[in-house]
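Here is the structure we will look at, set down as structure tokens.
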Amino acid sequence: MQDEIKIPRHIAFIMDGNGRWAKKRMLPRKLGHREGVKALRRMVDECEKAGIEMVSFYAFSTENWTRPQEEIDALFKMVGEFAEKNLSEYVRRGFRIMFMGDITKLPADTVAALKKILDQAKDNKGMIVNIALNYGGRDEILRAVNRILDSGVREIDMQTLSDCMYTGGLPDPDVIVRSSGEKRLSNFMLWQAAYAELVFVDDLWPDFDSAIFEKILREYSQRDRRYGNVRRIN
Ligand code: FPP
């Protein structure tokens with residue numbers, strides 16, 4: 001008998017291994033990122049098909065600024081093109097679009113392209129596509145605390161802090177997936193990851209396809225989520 005497949009409300013991806021994918025083929029790293037964008041698009045389609053409510057992608061971290069300038073420029077050029085071609089298609093498909101991180105520090109033309117998308121998507125009600133750009137989990141927590149302090153509050157409770165995260169009011173990730181065999185969170189969604197199932201996949205990010213997606217859902221479905229309790233909850 002086929003085991004029941006559970007669909008997470010929110011799945012998050014740490015997209016790792018673009019550089020290694022390119023190196024294996026003796027191609028420049030940016031071609032690895034280009035293939036990485038295609039994998040991201042495949043995962044968005046899979047999430048929509050599966051009826052997932054929210055999907056997050058770690059595209060650029062607060063630490064990625066230390067990469068060679070040429071690679072940073074290539075990445076933001078891709079983000080701009082992705083906004084114009086793919087995100088505008090997602091807007092037409094009714095997806096809600098959000099960016100997590102301080103996008104004001106991105107190149108001006110990238111910021112303009114992203115703001116245009118946010119404006120176009122503002123009334124959408126469909127699946128949430130959340131892209132982390134210039135994002136760091138510790139930075140997010142500090143920003144939230146400072147926002148609360150600025151409001152004059154002297155005692156912070158869980159709900160207030162949660163509400164002040166970029167994801168305030170949205171579900172925490174049920175599952176965080178990292179590609180390329182690395183087994184760490186690398187400053188991704190530190191607050192929201194509290195009860196997330198972690199799935200580490202050996203395949204490199206550009207190789208992610210429907211078969212890998214299905215394998216992830218199977219692994220997630222077999223996990224026993226107890227949230228500190230002794231009973232099985234789902
Ligand atoms: C990690 O692979 C990947 C990144 C730092 C960038 C992820 C970006 C994309 C998939 C494309 C741009 C995104 C959008 C939204 C258009 P790595 O370079 O660290 O790979 P390596 O560890 O093999 O070197």
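The values are calculated or read from the model by the stated rules, or taken from the named source; none is laboratory data. Here the structure is a predicted model, which is why all the values come from computation and not from measurement. Don't worry about glycine lacking a Cβ; one is built from the backbone with ideal geometry, like all the others, and counts go over all protein chains shown. We work out accessible area using only protein heavy atoms, side chains counted, and drop any ligands, DNA or RNA first. Shrake-Rupley method; radii C 1.70, N 1.55, O 1.52, S 1.80 Å.
The single condition from (1) charged (D, E, K, R); (2) in contact (Cβ under 8 Å) with a residue 12 or more places away in the chain; (3) within 25 Å of L198 (Cβ to Cβ) that D102 fails is (3). When residues in region 202-232 are screened for being farther than 17 Å from F57 by Cα, acidic (D, E) and in a loop (DSSP other than H, G, I, E, B), 2 of them pass. Only one of the numbered conditions (1) near the ligand (Cβ under 8 Å from one of its atoms); (2) open to solvent by less than 30 Å² (accessible area, probe 1.4 Å) is not met by A74, and that is (1). Looking across region 110-141, the residues that are more than 17 Å from the chain's Cα centre (by Cα), surrounded by fewer than 15 Cβ atoms within 10 Å (Cβ to Cβ) and farther than 18 Å from M78 by Cβ come down to D119, K122, D123, K125.
Filtering region 160-198 to residues that are among the charged types (D, E, K, R) and either away from the ligand (no atom under 16 Å from the Cβ) or assigned to a loop (DSSP other than H, G, I, E, B) (or both) leaves D163, D172, D174, E182, K183, R184, E197. Residues that are open to solvent by 10 Å² or more (accessible area, probe 1.4 Å) and in a loop (DSSP other than H, G, I, E, B) were ranked within region 84-100; the one that is nearest to E53 (Cα to Cα) is G94.
Results for (1) at pLDDT 95 or above; (2) in contact with a helix residue (DSSP H, G or I) (Cβ under 6 Å, 6 or more places away or on another chain); (3) aliphatic (A, V, I, L, M), shown as yes or no for each residue.
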residue: I72; (1), (2), (3): yes, no, yes
residue: K77; (1), (2), (3): yes, no, no
residue: A83; (1), (2), (3): yes, yes, yes
residue: S88; (1), (2), (3): yes, no, no
residue: R96; (1), (2), (3): yes, no, no
residue: P107; (1), (2), (3): yes, yes, no
residue: K115; (1), (2), (3): yes, no, no
residue: D119; (1), (2), (3): yes, no, no
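Can you find a residue that is polar (S, T, N, Q) and near the ligand (Cβ under 9 Å from one of its atoms) anywhere in region 48-62? The answer is yes, given that some residue of region 48-62 is polar (S, T, N, Q) and near the ligand (Cβ under 9 Å from one of its atoms). Scanning region 1-45 for residues that are more than 10 Å from the ligand (Cβ to nearest atom), closer than 22 Å to P173 by Cα, open to solvent by 30 Å² or more (accessible area, probe 1.4 Å) and part of a helix (DSSP H, G or I) gives R42, D45.
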